[in-house]
1. Return the residues of the range 158-209 that are over 29 Å from Leu111 (Cβ atoms) and among the basic types (Lys, Arg); say none if nothing qualifies.
2. Within the range 88-115, restricting attention to residues that are touching a residue at least 12 places away in the same chain (Cβ under 8 Å), out of contact with any Leu (no Cβ under 9 Å at 6 or more places or on another chain) and in a loop (DSSP other than H, G, I, E, B), which residue is nearest to Thr12 (Cα to Cα)?
3. What's the number of the only condition in (1) on the phi < 0 side of the Ramachandran plot; (2) in contact (Cβ under 8 Å) with a residue 40 or more places away in the chain that Trp179 fails to meet?
4. I'd like the full set of residues that are surrounded by 16 or more Cβ atoms within 10 Å (Cβ to Cβ) and in contact with a helix residue (DSSP H, G or I) (Cβ under 8 Å, 6 or more places away or on another chain), limited to the range 264-288.
5. Select, from Ala60, Ala138, Ala132, the only residue that is part of a loop (DSSP other than H, G, I, E, B), more than 29 Å from Phe303 (Cβ to Cβ), hydrophobic (A, V, I, L, M, F, W, C) and in contact with a Leu (Cβ under 9 Å, 6 or more places away or on another chain).
6. Identify, by number, the condition in (1) at pLDDT below 95; (2) surrounded by fewer than 21 Cβ atoms within 10 Å (Cβ to Cβ) that Gly215 doesn't meet.
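The values are calculated or read from the model by the stated rules, or taken from the named source; none is laboratory data. Quantities reported herein were computed from a predicted structural model and do not represent experimental measurements. Backbone-built Cβ (ideal geometry, glycine too); neighbour counts: all protein chains shown.
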Amino acid sequence: MTGSSRPAIVTTELRKSYGDKVVLDGIDLMITEGTIFALLGPNGAGKTTTVQILSTLLPADGGHARVLGHDVTREADAVRRSIGVTGQFSAVDSLLTGRENLRLMADLCHLDRATGRRRIADLLDQFDLTEAADKPAATYSGGTRRRLDLAMTLVGDPRVIFLDEPTTGLDPRSRRAMWHIIKALAAEGVTILLTTQYLEEADQLADRVAFLDHGRLIAEGTPHELKRLIPGGHVVLRFADQDELDSAARTFATATRDDNALTLEVPSDGGVASLRSLLDDLDRSAITVAGLAVHTPDLDDVFLALTGQPDAPSSRERATAR
């Protein structure tokens with residue numbers, strides 16, 4: 001990351017409707033240069049529409065949006081020169097080789113022949129595509145194809161990249177390889193707006209996260225701030241016999257026991273201090289534990305809590321982690 005505090009993307013009261021269906025209902029965002037910002041929400045929440053408006057592919061019905069200081073409506077050409085877009089569906093031409101796909105993008109970006117060759121060689125090396133460069137893209141695996149897709153996005157050396165569900169359909173190893181690439185781009189100062197259905201992905205990558213639901217921004221903050229909105233952290237203690245479980249249940253009066261599993265669920269924030277205190281209490285009571293597991297709320301819990309009952313007032317009242 002660059003450490004810059006300058007805004008790369010700003011939206012104010014962004015609105016979009018299709019007939020009577022409101023897709024975006026007044027979205028305000030401020031995304032800092034050189035950061036990864038994840039936009040999350042259920043299907044139909046407005047994530048892809050937001051990306052399409054910011055990348056000049058779709059006009060907004062109301063509000064304002066600027067990318068690197070350029071208005072997306074009045075200065076669309078300037079915005080396009082500064083951005084790259086990797087959509088949900090691959091832009092790779094299967095009939096061309098990887099190198100030919102990159103050369104095509106270099107031509108579209110009006111790079112001269114020498115600059116284009118250097119840029120293509122650098123990207124093939126950066127994305128571990130050199131060995132596959134002269135094979136038809138139709139022969140590529142899903143992960144290799146997705147790496148080529150992102151490499152094509154970077155041919156023009158964009159300062160802002162929109163990644164719309166970039167790892168959908170990838171296996172875990174390919175997904176983590178893509179995460180490494182995304183983090184490296186941000187470390188070089190590139191601003192990334194990411195939409196994803198994988199909550200772990202946002203947790204691993206994003207500096208800040210925003211949740212959209214029914215076209216409205218219902219929460220924004222760092223992953224840590226958002227997880228603190230949700231109660232339910234606990235430690236699960238597992239015991240070897242009923243007597244130990246009974247003793248622990250008397251020691252931790254607020255805990256929830258499961259006699260069949262011989263476990264006790266003790267409320268906890270999952271922090272080191274609270275875990276140390278719990279272990280001290282067990283030691284003082286001479287209670288032997290067969291095993292323990294710490295659970296703290298994750299972004300999946302946040303997602304379910306905020307979007308599970310979208311009409312409930314509490315889902316918006318709780319969204320204060322700014």
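1. Arg173, Arg175, Arg176, Arg208 - these are the residues of the range 158-209 that are over 29 Å from Leu111 (Cβ atoms) and among the basic types (Lys, Arg).
2. Looking at residues that are touching a residue at least 12 places away in the same chain (Cβ under 8 Å), out of contact with any Leu (no Cβ under 9 Å at 6 or more places or on another chain) and in a loop (DSSP other than H, G, I, E, B), I get Gln88.
3. Of everything listed in (1) on the phi < 0 side of the Ramachandran plot; (2) in contact (Cβ under 8 Å) with a residue 40 or more places away in the chain, Trp179 misses just condition (2).
4. Residues satisfying the conditions are Leu264, Val266, Ser268, Leu282, Ile287.
5. None of the other options fit; the residue is Ala132.
6. (2)
Residue by residue, here is whether (1) crowded, with 19+ Cβ neighbours inside 10 Å; (2) of a type outside the set (Gly, Ala, Ser) holds:
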{"site": "Glu220", "(1), (2)": "yes, yes"}
{"site": "His224", "(1), (2)": "no, yes"}
{"site": "Lys227", "(1), (2)": "yes, yes"}
{"site": "Pro231", "(1), (2)": "no, yes"}
{"site": "His234", "(1), (2)": "yes, yes"}
{"site": "Phe239", "(1), (2)": "yes, yes"}
{"site": "Gln242", "(1), (2)": "no, yes"}
{"site": "Ser247", "(1), (2)": "no, no"}
{"site": "Phe252", "(1), (2)": "yes, yes"}
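Residue-by-condition table, conditions (1) in a helix (DSSP H, G or I); (2) more than 21 Å from Ala8 (Cα to Cα); (3) modelled with pLDDT of 90 or more:
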site	(1), (2), (3)
Ala151	yes, yes, yes
Phe162	no, no, yes
Pro166	no, no, no
Ile182	yes, no, yes
Gly189	no, no, yes
Ile192	no, no, yes
